[in-house]
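Notes for the one structure printed next.
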Amino acid sequence: MRNFVNQKRMEIAVSSVFLLMIVIFICGNPSVFLNYRLYMAVFTTLPILIFLSTSLVFVIANGEIDLSFPALIGISAWAFASTVKAGINPFLALIIGIIVGSFGGLINGLMIANLGISSLILTLGMNFLLRGLIMIGTNGHGITLAFLRNTKFFEVFLGKIGKFPLLMLWAAGFIIFVWLLFYRHKFGGNVCYVGNNIISSREMGIDIKRVKTLAFVLVGASSGFVGGMLCLINNQFYPNTGDGYLLIALTAVFLGGTPTKGGVGTIFGAIIGAFILGFLETGIIGIGLSGFYTKFFFGLILILALISHRIYKTK
Amino acid sequence: MEEKKNFLLQAIGIKKSFGSIIALEEVNLEIGHNEIVGLVGDNGAGKSTLIKILTGVYSADRGELYWKGQKIDKLTVNLARGLGIVTVFQDRALVSQHPIWRNVFMGKELANRFGFINIRKEKEETMRLLKEMMGFTSASISSPDTIVGNMSGGEQQGIAISRALYFEAPLIILDEPTTGLSLTESQKVINFVRNIKKEKKSCIFITHNLFHVYPVADRIVIIDRGKIVEDLIKDKITLKELEERMIKVTGTNAMRAKNADKFLLNN
Ligand SMILES: Nc1ncnc2c1ncn2[C@@H]1O[C@H](COP(=O)(O)OP(=O)(O)OP(=O)(O)O)[C@@H](O)[C@H]1O
Ligand SMILES: [Mg+2]
């Protein structure tokens, strides 16, 4: 037990922050926070954040960063929306969206792994480039997808079982997948080893280029799925789809305790990070503060978390 | 050419340069079956570069490699390991943020065919390895979950060496395994090398310390500025003679070192 507490110090710390936050919110306004409708609101945005933050853990543990995923969301949303609009089965369209996202990730990964260029700068450029491409291609116009409402496709992703939203179940499934991949599969280990020490990894026969590339493909694939979901949630494809997620998804990763320098990462932390951010926004409004406080609290909690990770680590 | 079969590993005409630096030129080296070869030479002589070519980390610019008489076209780290060459690299090749068990099986996990790791088995094997191979007594390494970066330099070296020995291989390469180790720890390493000989395996033992390599080696190879300058049968040379040859080869450097010592003494 003692050993467990010692090993999971960071995870326990970040979970306590989350629980404390919920308690404060419930005390602040019991009627809103014990009302299930609030949770329903959270449970449509939370899964999106979970998809993004958990897959970003791979790239960051690998010692790289991906700033292009908002544009990958955008471009796969565009692919999804235009193929659905053209009369293609939405399930197939979603797969096309995921393929488009993965392909974008593949290009990122191949360039970073083979040319040895900075992922920070490349993906920054890619984010502008792809977003620009969407703007040029759509001329800034969106695509309405209201006809998807109440279809089978809609029910599968945004429907409910009883009162429980299905998208949360999809996110739960994805969590199991990335958890196995990160902690139980050779790939997750290799991602971390390369991030920890690239020379050691080469000497031990790890295919560094392949590992790096696949980490970016994973982010691309989950961005692709998110692109489709955002179209469905909004009933519409907007040319700026995905733009708002850059900072918040990365905040969730770092809030959870994954360090910026690579080598290790925590999937659990990224999930709790997503929970904190998902509830914070709704909670702030719930206890009667104006929405203007949201960003202030995001920043405050991130900085406090950073300091607490530091303290826990040096202990 | 038929003679190649008599060697475990043979390198012919190896050349390697890094940009304008010629690290190796026309290096020929054979390792026999059940032979311990000491590879000695000055800093920057090309020892590590040579063994990195023999283990597939670098590819040679020119030259040929033969394993048990078979020509190897493109040697990779995984191929070398598959053939039976394991290496303790000079930098130890560990990942410091990870536990011992992860380090032991890094790059050759006990996994099923879908790539999922058998964590329990890996930890058990690590535990066994720690007990049997190193005889560790220190409390800090009683658990396979100990983070390698928190261990002492000697302990880390111990992990790197036991990891190599865990994967039973006919050729074990040790690149300066005794550097930074205490007297007793160095003695342990030397005993390991003796065991390699007893177990009918071969070994390339790189070191700066002739006292470490002389007692265990069958042959001593001296490399200088990318060339092999001496290839000596140990039984035909005394330690004293070996020291003299070594000083002759790396003469200027040794002189410089002596002067530095004098300088230190006088000040
Ligand atoms: N990756 C590299 N890039 C550029 N130069 C290199 C590289 N590796 C080795 N060298 C150069 O090749 C030469 C031989 O280096 P090497 O590491 O093989 O020497 P060594 O005999 O192992 O020395 P030491 O006893 O210090 O370990 C040196 O001049 C070194 O600077
Ligand atoms: Mg060396």
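Out of B:Y66, B:Y58, report the one residue that is at pLDDT 95 or above and not in a loop (DSSP other than H, G, I, E, B).
It is B:Y66.
Only one of A:W179, A:W170 is open to solvent by 20 Å² or more (accessible area, probe 1.4 Å) and within 14 Å of chain B (Cβ to nearest Cβ); which?
Going through A:W179, A:W170 in turn, the sole match is A:W179.
Condition check ((1) assigned to a strand (DSSP E or B); (2) near ligand 1 (Cβ under 9 Å from one of its atoms); (3) of a type in the set (F, W, Y)) across all residues:
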| residue | (1), (2), (3) |
| --- | --- |
| B:L8 | yes, no, no |
| B:I22 | yes, yes, no |
| B:G38 | yes, no, no |
| B:Q90 | no, yes, no |
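Do you know which residues across segment A:193-209 are open to solvent by less than 20 Å² (accessible area, probe 1.4 Å), within 15 Å of A:F58 (Cα to Cα) and within 7 Å of chain B (Cβ to nearest Cβ)?
Answer for segment A:193-209, where residues must be open to solvent by less than 20 Å² (accessible area, probe 1.4 Å), within 15 Å of A:F58 (Cα to Cα) and within 7 Å of chain B (Cβ to nearest Cβ): just A:Y193.
Taking the residues in segment B:24-36 that are open to solvent by 30 Å² or more (accessible area, probe 1.4 Å) and within 16 Å of ligand 1 (Cβ to nearest atom) as candidates, determine which candidate is nearest to B:G226 (Cα to Cα).
Here the answer is B:E25.
Which one of these does B:L94 not meet: (1) outside any loop (DSSP other than H, G, I, E, B); (2) within 22 Å of the chain's Cα centre (by Cα); (3) more than 16 Å from ligand 1 (Cβ to nearest atom)?
Among (1) outside any loop (DSSP other than H, G, I, E, B); (2) within 22 Å of the chain's Cα centre (by Cα); (3) more than 16 Å from ligand 1 (Cβ to nearest atom), the lone unmet condition for B:L94 is (1).
With B:G56, B:G46, B:G69 as the choices, which residue is open to solvent by less than 30 Å² (accessible area, probe 1.4 Å) and within 16 Å of ligand 2 (Cβ to nearest atom)?
B:G46
Looking at (1) part of a strand (DSSP E or B); (2) within 14 Å of chain A (Cβ to nearest Cβ); (3) without any contact (Cβ under 8 Å) to a residue 12 or more places away in the chain, find the lone condition where B:G82 falls short.
(1)
May I ask you to list the residues in segment B:164-217 that are within 16 Å of ligand 2 (Cβ to nearest atom), over 17 Å from B:M246 (Cβ atoms) and part of a strand (DSSP E or B)?
Within segment B:164-217, B:I173, B:L174, B:D175, B:I204 qualify.
Report every pair of residues separated by at least 6 positions or lying on different chains whose Cβ atoms are under 9 Å apart, first residue within segment B:180-204 and on the phi < 0 side of the Ramachandran plot, second among the basic types (K, R) and open to solvent by 10 Å² or more (accessible area, probe 1.4 Å).
These pairs meet every condition: B:L181/B:K188; B:N195/B:K201; B:C203/B:K197.
Search segment A:25-60 for residues being without any contact (Cβ under 8 Å) to a residue 24 or more places away in the chain and in a helix (DSSP H, G or I), and hand back the single one that is most open to solvent (accessible area, probe 1.4 Å).
Checking each candidate, the answer is A:R37.
Select, from B:V57, B:V77, B:V27, B:V88, the only residue that is touching a Lys or Arg at 6+ places or on another chain (Cβ under 9 Å), more than 21 Å from B:A169 (Cβ to Cβ) and either more than 10 Å from chain A (Cβ to nearest Cβ) or not charged (D, E, K, R) (or both).
Answer to the selection: B:V27.
Given the options A:K186, A:K152, A:K212, name the one that is at pLDDT 95 or above, open to solvent by 10 Å² or more (accessible area, probe 1.4 Å) and within 14 Å of another protein chain (Cβ to nearest Cβ).
The unique qualifying residue is A:K186.
The values are calculated or read from the model by the stated rules, or taken from the named source; none is laboratory data. Here the structure is a predicted model, which is why all the values come from computation and not from measurement. Cβ: placed from backbone, ideal geometry, glycine included. Neighbour counts: every protein chain shown. What goes into the accessible areas is simple: the full protein's heavy atoms, side chains included, and nothing from ligands, DNA or RNA. Shrake-Rupley method; radii C 1.70, N 1.55, O 1.52, S 1.80 Å.
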